[in-house]
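Taking it in order: structure first as structure tokens, then the write-up.
The values are calculated or read from the model by the stated rules, or taken from the named source; none is laboratory data. This is a predicted model, so every value here is computed, not measured. Cβ placement follows ideal geometry from the backbone for every residue including glycine, while neighbour counts extend to all protein chains displayed.
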Amino acid sequence: MIEVRNINKSFNNVPALKDISCVFHPGEVNLVIGRSGSGKTVLLKTIVGLHHPDSGDILFNGRNFVTMTNYERQHIRREIGMLFQGGALFDWATVEENVRFPLDFFTNWTKLEKNQRVEFCLERVNLSHAAKLKPSEISGGMQKRVAIARAIALNPKYLFCDEPNSGLDPQTATVIDDLILEITKEYNITTVVNTHDLNSVLAVGERIVFIYQGEKWWEGNRESILQAHNAELREYLYASEVLKKSGLLK
Amino acid sequence: MNFFYLAGQYFVFLRRVFAKPEKQKLYLRNILTELWNLGVGSLGIVVIISAFIGAVITLQTAYNVTSPLFPLFLIGLGTRDSMILEFSSTIVSLILAGKVGSSIAGEIGTMRVTEQIDALEIMGVNSASFLIMPKIVAMVLIAPVLNILSVFIGIFGGFLTIEATAVIPTEDFLYGLTVEFIPFYVTYSLIKSVVFSFIITSVSSFQGYYVKGGSLEVGRAGTRAVVYSSILILIFNLILTQLLLA
């Protein structure tokens, strides 16, 4: 479980996150939604330690990530898998070398054990056939799947996904959403996904946090979001023609 | 103020770069890769430039010697010492600052803007050490080799020019290469090439590592890497010459 308590973060005195508190549970896909520039990515990067919060606490199963030493933080980071918006695959390495990288770095496994794990992870994302290719030789959707395979290589307890569907067609986006949901359930991972894709919201949003101008405005799930009365949230949802025309919005 | 901030940030960065490696085997593999990329990759340009500069130094000296009192063997001596003292260490380093420096800043900068460095950090890898230390170590190891190679190629270029143009007798040129040889000049030259290669790789990596923005900023970081490395090379050339030859 991840607990975010009263997080504040500003850049050059411009507040990006204002007193945000929320809880992300294991075995669930927790979505952080909001318009571009609302602070979703800053929140995600602050939780994983790429930004240091101005104030507040972040607890990973009760361990305070903000106040712990660098050494302790390194250990928590090894329990984290992250899927970046652009994939962030190492372009010097092949697909299988990308997945093998955390195993080479953090395990003392034999070559055979590592090979088996890499094969398993690539199979899990249906990319065994692309093992020898470089990231530049595969499509955007495949890159995202490789990034997921790399993120789960070390059996993470926490999975963070920053805009996993950006730049993908709706069908490929569904494949990525399903994969994230399956992996979350299969390994009981605490998954946090940043998205502004309303298809994802309805498909995998078991717990949803809506952020508006750096503040948390609403919290709920995919069932309650359609009945929500929050004005900013409704404005956000009404931007989707599909949702409007489907008659789902009450 | 900005200068002091940058200098402080540079030394903090170096501290991270030279932190104890987490997985030495992977670092060793990276050093070997960088030896190939940076060292062998620079071989061509070093050979071509050294050969032509050696030839030109020889010809310029020969054509400017008009006094019959000037011993002709001094042309060989001049070529040798010019190559050892200045060209093969300083000028080759300036050329490498352009080639290697912009390449390193571009590579590291692109990794920064495509979030590859963030990905390493989130995994718990010291990205500065993992990506940059092998480059610095490889370049510091290969630079003296390139330096010595450049000296020999430059002198050989001079020799071929003498053979081709017969501007002075070959015997005089060869005698000049052996006379009044001061071994410390080689040490001085090697020290300079080691210091300059450290400057090139560390400054260029520093520029790339802290890139913010997109491709435009990566390009600017490449330019800054070359400019700052070149200026520092010239400053340290002066300092080292005063310290070592005074």
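Things to note:
- Number of the exception - residue A:107 against (1) within 14 Å of chain B (Cβ to nearest Cβ); (2) in contact with a Lys or Arg (Cβ under 6 Å, 6 or more places away or on another chain); (3) of a type in the set (Val, Ile, Thr): (2)
Conditions (1) assigned to a strand (DSSP E or B); (2) farther than 15 Å from residue A:194 by Cβ, marked per residue:
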position: A:8; (1), (2): yes, yes
position: A:27; (1), (2): no, yes
position: A:32; (1), (2): yes, no
position: A:44; (1), (2): no, no
position: A:58; (1), (2): yes, yes
position: A:67; (1), (2): no, yes
position: A:76; (1), (2): no, yes
position: A:82; (1), (2): yes, no
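- Residue within the stretch A:122-132 that is surrounded by 17 or more Cβ atoms within 10 Å (Cβ to Cβ) and within 14 Å of chain B (Cβ to nearest Cβ) present: no
- Taken together, the residues in the stretch A:23-73 that are modelled with pLDDT of 90 or more, more than 20 Å from residue A:202 (Cα to Cα) and of a type in the set (Asp, Glu) amount to 2.
- Filtered residues of the stretch B:113-126 (kept if in contact (Cβ under 8 Å) with a residue 24 or more places away in the chain and touching a Ser or Thr at 6+ places or on another chain (Cβ under 9 Å)): B:113, B:117
- The residue that is surrounded by the most Cβ atoms within 10 Å (Cβ to Cβ), counting only those in the stretch B:226-245 that are among the aliphatic types (A, V, I, L, M) and in contact with a Phe, Trp or Tyr (Cβ under 8 Å, 6 or more places away or on another chain), is B:233.
- Test: residue B:164 is modelled with pLDDT under 95, part of a helix (DSSP H, G or I) and of a type outside the set (S, T, N, Q): yes
- Just one of (1) of a type outside the set (S, T, N, Q); (2) touching a residue at least 40 places away in the same chain (Cβ under 8 Å); (3) surrounded by fewer than 19 Cβ atoms within 10 Å (Cβ to Cβ) fails for residue B:46. It is (3).
- If you go through the stretch A:45-91 and pick out every residue that is closer than 26 Å to residue A:167 by Cβ and either over 18 Å from the mean Cα position of the chain (by Cα) or surrounded by fewer than 15 Cβ atoms within 10 Å (Cβ to Cβ) (or both), you end up with 2.
- Residue match in the stretch B:4-23 (condition: surrounded by fewer than 22 Cβ atoms within 10 Å (Cβ to Cβ) and touching a Gly at 6+ places or on another chain (Cβ under 6 Å)): no
- The single condition among (1) without any contact (Cβ under 8 Å) to a residue 40 or more places away in the chain; (2) among the polar types (S, T, N, Q); (3) under 30 Å from residue B:141 (Cβ atoms) that residue B:67 does not satisfy is (3).
- Considering residues of the stretch A:179-206 that are in contact (Cβ under 8 Å) with a residue 24 or more places away in the chain and of a type in the set (D, E, K, R) only, the residue surrounded by the fewest Cβ atoms within 10 Å (Cβ to Cβ): A:185
- The single condition among (1) within 14 Å of chain B (Cβ to nearest Cβ); (2) touching a helix residue (DSSP H, G or I) at 6+ places or on another chain (Cβ under 9 Å); (3) farther than 23 Å from residue A:9 by Cα that residue A:77 does not meet is (3).
- Residue identified as within 20 Å of residue B:110 (Cβ to Cβ) and without any contact (Cβ under 8 Å) to a residue 12 or more places away in the chain among A:113, A:72, A:97: A:97
- All positions within the stretch B:125-176 that are over 24 Å from residue B:52 (Cβ atoms) and among the small types (Gly, Ala, Ser): B:127, B:128, B:129, B:138
- Check on residue A:163, acidic (Asp, Glu), away from every other protein chain (no Cβ under 12 Å) and within 23 Å of residue A:189 (Cα to Cα): no
- Where helices (runs of 4 or more DSSP H) fall entirely within the stretch B:48-151, those with at least 1 residues that are under 30 Å from residue A:99 (Cβ atoms) and within 14 Å of chain A (Cβ to nearest Cβ) are at B:102-113, B:116-123.
- Meets criteria (within 28 Å of residue A:37 (Cβ to Cβ), surrounded by fewer than 22 Cβ atoms within 10 Å (Cβ to Cβ) and among the polar types (S, T, N, Q)) for residue A:166: yes
- When residue B:208 is tested against (1) in contact with a Phe, Trp or Tyr (Cβ under 9 Å, 6 or more places away or on another chain); (2) buried (at least 19 other Cβ atoms within 10 Å of the Cβ), only condition (1) is not met.
- Scanning the stretch B:91-115 for residues that are buried (at least 21 other Cβ atoms within 10 Å of the Cβ) and within 18 Å of residue B:52 (Cβ to Cβ) gives B:92, B:93, B:96.
- Only listed residue being under 30 Å from residue B:71 (Cα atoms) and at pLDDT 95 or above, chosen from B:109, B:154: B:154
- Some residue of the stretch A:88-96 being at the interface with chain B (Cβ under 9 Å from one of its Cβ atoms), closer than 30 Å to residue A:5 by Cα and not acidic (Asp, Glu): yes
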